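FYI, it's all coordinate maths here, none of it is from the lab. Being a predicted model, the structure only gives us computed values, none of them experimental. Positions of Cβ are generated from backbone atoms using ideal geometry, with glycine treated the same way; all protein chains shown enter the neighbour counts.
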Amino acid sequence: MNKKKFYVTTPIYYVSGKPHVGSLYTTVLADVLARWQRLLGCDTFFLTGTDEHGQKIAEAAKNAGKLPKDFVDGFIDAYQKTWHAYHVEYDKFIRTTDVEHKKAVVHLIEELKKKGDIYKGEYSGWYCTPCETFVVGQPGVDGTGPVHPLCGRTMVHVSEECYFFKLSAYQDKLLQFFKEHPDFIQPRERINEILAFVESGLKDLSISRSTISWGIPFPGDSEQTVYVWADALTNYISAVGYGDSARAQEFAQWWPADVQIMAKDIVRFHAVYWPAFLMAAGLPLPKQLLVHGWLTVDGRKMSKSFGNVVDPMDLLSPYGADPVRYYLVSRLSVAQDANFSYSELEGVITQDLANELGNLLNRMVVLAYKHDCAVLEKPVQWSAHVDKLKKAHDGLLLLVSDYLAQDQFHLAYAEVKRFIGQVNAYVHECQPWVQAEQDKQQFIETLTAVASSLYTIAHLLWPVMPRKMHELLAALGYDVQLDINAVVSQAWNQAYTLQKIAPLFEKVEGKRVEQEKSATAQPTAEQPAREQIETIEIGDFARVHIVTGTVAAAEIVQKSDKLLKLHINCGTYGVRQVLSGIRAYYTPEELVGQQLILVVNLKPRMMMGMESQGMVLTAKGAEHLELLKPSAVVPDGTRIG
Ligand code: MSP
């Protein structure tokens, strides 16, 4: 009998930066789904990769002083190493610079042309380069570009000849499709935003650029480059052989995708443009889009300028890959925006994994060895003591599968956690350390019930923590069995040969603070003792806006022997009036024209009846007070960090 197939994709990530905990989240979710489907007995195909063309990448390469291809090549290793370190078992890593992919894109455009869905025209309007998207908007009063309502970044004006795709012709077909497939987008509420967008009237979509050359040449017109989103979306079919007659069977085997995962930022591309391209090319549409929320770090949007971007590689040594995966999958709800917090991460690892799961295994193995019972035979007849636990065990798979079928990862794993709690409660009630002395048969039954429960738990958690659960199963004398139904039915009907292993999980509470402490050197005899100071999170520091500004005017504040009043031009932060206690050290004349460094987001303060709207930074030497300045002049309003 043919096995069922399951094809899952992640977005392909822009290689203008390394992976971070946001891209890790998406990729781990895809890995969990793929592994879960393998446990259900499906043939799976898991695709991830990188999006390497377009204006954003071309500009980033230019800023780095590199040729685009050299620039993008430099990031691939970081992606692949991170995914490997996190045990992400993809089947293919696609790059949009791959020759096969480029051929497929050309093929798709030619199909759209044949269909009569492409025509030449001119685009004149706004473009958000970081999002690589055309947006309707009005310029600001000073002629600056409007802000992209979705990402908040300033857009640039683009006016160029290009090819258009007749997206407007698909408006009704898309609406009809959404109506007939209410589960197309998960969670369901996400469809509302898409419906509103489509119902407001679809405009034809520019699918080529004439001012960008880093990309795939538009078929039949070498002056034009394929629009990066048309190029990127095609990866989902090019990876499985679209457009290559020699791979027709492979394509038929995998396409359409079963689940395409992404965060909410790019749902429009996947729910509107992508289905329309596929409809135009006469191809089936993906079965489901799984859209997760946005991840913040310690309550703030992750951003280089805030300095709070979490590199997954930095989490490996303190916490390990599997515990981080567990935290992401079991604690963050897919439907909502979620916050990555170190203290929560440490709490979850310590409580769920070290205290509840790791300890359970450890206690059982230690007791078994102590009483010479490392081989646990299944009892001839289970006693009534196990009834409650066995019932919970037997119902668990259904609960977990139901939640996973609805992409409710956190609820599915909450059920597993609950069951682990029940096993711990069972041990507590049975007191096997007492049974060992009084009733050996009962003692063996208790240990066997725990081992049987752990056998199922390990399999249910294997998609999330593949390495650790492999170790847990080894401690029970087994390997992973890729058939969850068989696992559950065998769990209480087989013998276990227990092996001693090192503790599975470490308690990690306070680890981050500890690490930060050990990063500060110990005082030596020659060094003065370090000041004892409270540490802050990088996010706390990032909340302070420290910027450069040039003194436009300065004067003495009458009736004050300390204060000077300065007007400092801080670029986009405006001209700030600052009252500063530097009169004893500087004359107003010598300050005008000097570029200083100041904090601009302190609450304004009244001094001598005037408002001070910033604080210039100084360093007090033995005799003089030095005003801090950048070592070379930079634009006013440049943020320091
Ligand atoms: N290259 C496009 C996607 C093309 S797919 C045909 C792109 N790339 S991206 O590098 O910006 O990655 C976007 C995806 O990365 C998001 O949709 C999401 O899956 C993941 N995430 C990036 N930052 C994230 C968070 N802060 N939080 C959650 N997911 C995040 O868009």
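Tell me the residue from PHE178, PHE164 that is in contact with a strand residue (DSSP E or B) (Cβ under 7 Å, 6 or more places away or on another chain) and surrounded by 14 or more Cβ atoms within 10 Å (Cβ to Cβ), please.
PHE164
Only one of (1) buried (at least 18 other Cβ atoms within 10 Å of the Cβ); (2) β-branched (Val, Ile, Thr); (3) away from the ligand (no atom under 16 Å from the Cβ) is not met by VAL291, so which one is it?
With respect to (1) buried (at least 18 other Cβ atoms within 10 Å of the Cβ); (2) β-branched (Val, Ile, Thr); (3) away from the ligand (no atom under 16 Å from the Cβ), VAL291 is out only on (3).
Test ASP402 against the criterion of being surrounded by fewer than 16 Cβ atoms within 10 Å (Cβ to Cβ), under 27 Å from LEU289 (Cβ atoms), free of Cβ contacts under 8 Å to residues at least 60 places away in the same chain and charged (D, E, K, R), and give yes or no.
Criteria met by ASP402.
Mind checking which residues of the stretch 116-136 are within 16 Å of the ligand (Cβ to nearest atom) and not aromatic (Phe, Trp, Tyr)?
Hits for the stretch 116-136 are CYS128, THR129, PRO130, CYS131, GLU132, THR133, VAL135.
Would you check which residues across the stretch 316-337 are crowded, with 18+ Cβ neighbours inside 10 Å, farther than 23 Å from ASP540 by Cβ and within 12 Å of the ligand (Cβ to nearest atom) and list them?
LEU328, VAL334
Pick from the stretch 613-641 the residues that are among the polar types (S, T, N, Q) and assigned to a loop (DSSP other than H, G, I, E, B): which of them is surrounded by the fewest Cβ atoms within 10 Å (Cβ to Cβ)?
Only one residue tops the list, namely SER631.
Which residues, taken from the stretch 99-145, are of a type in the set (S, T, N, Q) and without any contact (Cβ under 8 Å) to a residue 40 or more places away in the chain?
Within the stretch 99-145, SER124, GLN138, THR144 meet the criteria.
Just for the stretch 566-581: of the residues that are surrounded by fewer than 21 Cβ atoms within 10 Å (Cβ to Cβ) and without any contact (Cβ under 8 Å) to a residue 60 or more places away in the chain, which one is farthest from LEU625 (Cα to Cα)?
My answer is GLY574.
If I filter the stretch 205-255 down to residues being of a type in the set (Val, Ile, Thr) and in a loop (DSSP other than H, G, I, E, B), which single residue comes out as nearest to LYS113 (Cα to Cα)?
ILE207
Among GLY41, GLY49, GLY54, GLY22, which is the only one that is of a type outside the set (D, E, K, R), out of contact with any helix residue (DSSP H, G or I) (no Cβ under 7 Å at 6 or more places or on another chain), within 14 Å of the ligand (Cβ to nearest atom) and within 28 Å of LEU285 (Cβ to Cβ)?
Criteria check complete, one pass: GLY22.
I'd like to know if the stretch 78-87 contains one or more residues that are within 25 Å of HIS410 (Cα to Cα), within 16 Å of the ligand (Cβ to nearest atom) and outside any helix (DSSP H, G or I).
yes
Sort out which residues of the stretch 230-252 are of a type in the set (A, V, I, L, M, F, W, C) and touching a residue at least 60 places away in the same chain (Cβ under 8 Å), and write them in order of number.
Residues satisfying the conditions are ALA230, ALA232, ILE237, ALA239, VAL240.
So, in the stretch 403-418, exactly how many residues are over 14 Å from VAL348 (Cβ atoms) and among the basic types (Lys, Arg)?
Looking only at that region, the number is 1.
For ALA263, state whether it is under 22 Å from the mean Cα position of the chain (by Cα), within 19 Å of MET279 (Cα to Cα) and within 14 Å of the ligand (Cβ to nearest atom).
So ALA263 fails the test.
For the stretch 594-612, indicate whether the set of residues that are touching a residue at least 60 places away in the same chain (Cβ under 8 Å), in a loop (DSSP other than H, G, I, E, B) and surrounded by 12 or more Cβ atoms within 10 Å (Cβ to Cβ) is non-empty.
No, there is no match, as no residue in the stretch 594-612 is touching a residue at least 60 places away in the same chain (Cβ under 8 Å), in a loop (DSSP other than H, G, I, E, B) and surrounded by 12 or more Cβ atoms within 10 Å (Cβ to Cβ).
Please give the number of the condition LYS66 fails out of (1) within 30 Å of GLN224 (Cα to Cα); (2) surrounded by fewer than 22 Cβ atoms within 10 Å (Cβ to Cβ); (3) within 16 Å of the ligand (Cβ to nearest atom).
Every listed condition holds for LYS66 apart from (3).
Counting just the residues of the stretch 283-315 that are more than 20 Å from ALA542 (Cα to Cα) and part of a strand (DSSP E or B), which one comes out nearest to the chain's Cα centre (by Cα)?
Step by step, filter the stretch 283-315, then rank; the result is HIS292.
Can you spot a residue in the stretch 232-254 that is farther than 24 Å from TYR90 by Cβ and within 16 Å of the ligand (Cβ to nearest atom)?
no
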